Number of protein chains: 2
Amino acid sequence: MSRTKSKPRVRRTAEQARRVILDAAERRLREGGPEALRLRDIAADVGVSHPAILHHFESRDGLARALQSRAMLGLQADLLAALSGGDESAADLLERVFETLGDSGHARLLAWYALANQHAEEDVPEGGMLAQLAGELHGGRAQRASRLAPPEREDSEFVVRLVAVALLGDALFGPILNRSLASDAGESQRRFRLWLAELIAEHVDRPRR
Amino acid sequence: MSRTKSKPRVRRTAEQARRVILDAAERRLREGGPEALRLRDIAADVGVSHPAILHHFESRDGLARALQSRAMLGLQADLLAALSGGDESAADLLERVFETLGDSGHARLLAWYALANQHAEEDVPEGGMLAQLAGELHGGRAQRASRLAPPEREDSEFVVRLVAVALLGDALFGPILNRSLASDAGESQRRFRLWLAELIAEHVDRPRR
DNA sequence: GAACTTGTTTACAGTTTTGTAAGTATCTCA
DNA sequence: TGAGATACTTACAAAACTGTAAACAAGTTC
């Protein structure tokens, strides 16, 4: 066979290589489900041989851990970007949180994480983001409220928790529920989010007794 | 070796065999995550050889499909049991729905289903259960409401949808969120459910404008 | 430009996994 | 009680998977 000038071998920096590998792995995971994290396939997507992946991540498990870590950090970054938007109404802030948490990519990755690490005690990298969000929300409410009826701190935390689980849950289970509840899929999901936003807003702004 | 009376081979009916196999598979799936559906392990749990599983389910994929189907049917049965409870308040009804949907086993199984069949159009066996629930809820509301302000049908559907995604989401993502939000895990999750129940009840019974 | 570092490949090994073929044991039924 | 059906087992095959070892090549440094 002609051995003319066969391989212009690409050589990335370690950081670049890790990134493109994680990108491919994440894509596989999102599109193919939890069983689709195969070294060979990922390597093929990137265009390298599979030992290259092992070189960068030690083992398949190392790749999975790195992926989970990056997914959490990414979610944190997106949430942070949503949070830091100057001083706007709680409604606007919530709307941006809706966008990032309702993204089915995040939900899928987080679900995979939850299913994989169910009895793992290791703290998740994301930690504290939602607590911060709860803090901001609570601060705003306490400021707006008449001083006779400040909301309880726990109530604000639960609001955030509700938003989180409802959006993540809807992003994940929505397609299934749509088939049994709604006729038109995407439209119903959109309207549901608006409805939820209004419900939350009403609750948040309702004067305490 | 002594061949005295070696094997009192157990022989189940096909139905029984399928059941115990699916039980073991479900247990594996719940405890070990989505990658834990291995024929050898399941067979070992049941105490049979792995080809016995293939005999009953054709292939590993057939087992997975049967498992998904049974999980959906089981959820439907549990929901049905929760729904059919004579005439009680919407709060009591919701509370029993809370119990069954908030069960982390159901949530995990459903999440696995959602992740595995993301772009599958095949209708899920569960179909219609939640629609029925929405119907019952709506009927009760319309009856109770003053005839000047009946709630919209879509509002009742969204209430059901919120309950479903929030409970499933909380069962699945709750443990993760707990680490970033709450100090005491289980207790917080319980209180959150109560809080949600109250929020829903308030919304459902609030007179329309 | 020689030496060194390190990203990458090829070739291979060991294990695990699903699946098949053929025989065996247990139940049912005439 | 004999014959048939079928749940189940043993043995094996083929493929896929992760992981290892050694060599190779693209940068980097002195």
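No lab work stands behind these numbers, since they all come straight from the coordinates. It should be emphasised that the depicted structure is a prediction, and the values quoted were computed from it without experimental measurement. Ideal geometry is used to build each Cβ from the backbone, glycine not excepted, and the neighbour counts take in all protein chains shown.
Tabulated data
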read-out	value
Innermost chain A residue relative to the axis carrying A onto B, by Cβ distance in angstrom	A:GLY169, 1
Rounded, prolate or oblate (a/c below 1.5 giving rounded, otherwise prolate when a/b exceeds b/c) for the protein assembly as shown by Cα gyration tensor	oblate
Estimated dipole of region B:22-62 in Debye, rounded to 20 [Cβ of Lys and Arg +1, of Asp and Glu -1, Cα centre]	80 debye
Over region B:28-81, relative contact order from alpha-carbon pairs under 8 Å, at least 6 apart, %	17 percent
From phi via Karplus (6.51, -1.76, 1.60), per-residue ³J(HN,Hα) for region B:128-133 in Hz, x at Gly/Pro	x, 4, 5, 4, 4, 4
Furthest towards positive pole of dipole, B:ALA44, A:MET129, A:ALA201, structure part the protein assembly as shown, Cβ charges	B:ALA44
Backbone HN-Hα couplings from phi across region A:66-83 [Karplus 6.51/-1.76/1.60, Hz, Gly and Pro as x]	4, 5, 5, 4, 5, 4, 5, 4, x, 4, 4, 4, 5, 5, 4, 4, 5, 6
Charged-residue dipole, Cβ positions (Lys, Arg, Asp, Glu), the protein assembly as shown about Cα centre, Debye nearest 20	2000 debye
Those residues of region A:36-52 whose amide nitrogen sits under 18 Å from the label point placed on A:ARG9, 7 Å along Cα→Cβ	A:43-44, A:46-52
Teacher prompt: B:LEU80 distances to equivalent labels in other copies, 7 Å Cα→Cβ, nm	5.1
Relative contact order %, chain A, counting alpha carbon pairs below 8 Å whose residues are six or more apart	17 percent
For A:ALA131, inter-copy label distances in nm, listed shortest first [label point 7 Å out on the Cα-Cβ vector]	4.5
Per-copy distances of the B:GLY32 label point, shortest first, in nm (7 angstrom along Cα→Cβ)	2.1
222 nm mean residue ellipticity, helices alone, for chain A (DSSP H n ≥ 4; -39,500 (n - 2.57); rounded to 500)	-24000 deg cm²/dmol
Near-label residues of region B:135-170 by backbone N, under 15 Å of a point 7 Å along Cα→Cβ of B:HIS203	B:137-138, B:151-170
3J(HN,Hα) from dihedral phi, region B:57-64, Karplus parametrisation 6.51/-1.76/1.60, rounded to Hz, x for glycine, proline	10, 6, 8, 4, 5, x, 4, 4
Label-point separation, A:HIS50 to A:ARG19 (7 Å along Cα→Cβ), nm	2.7 nm
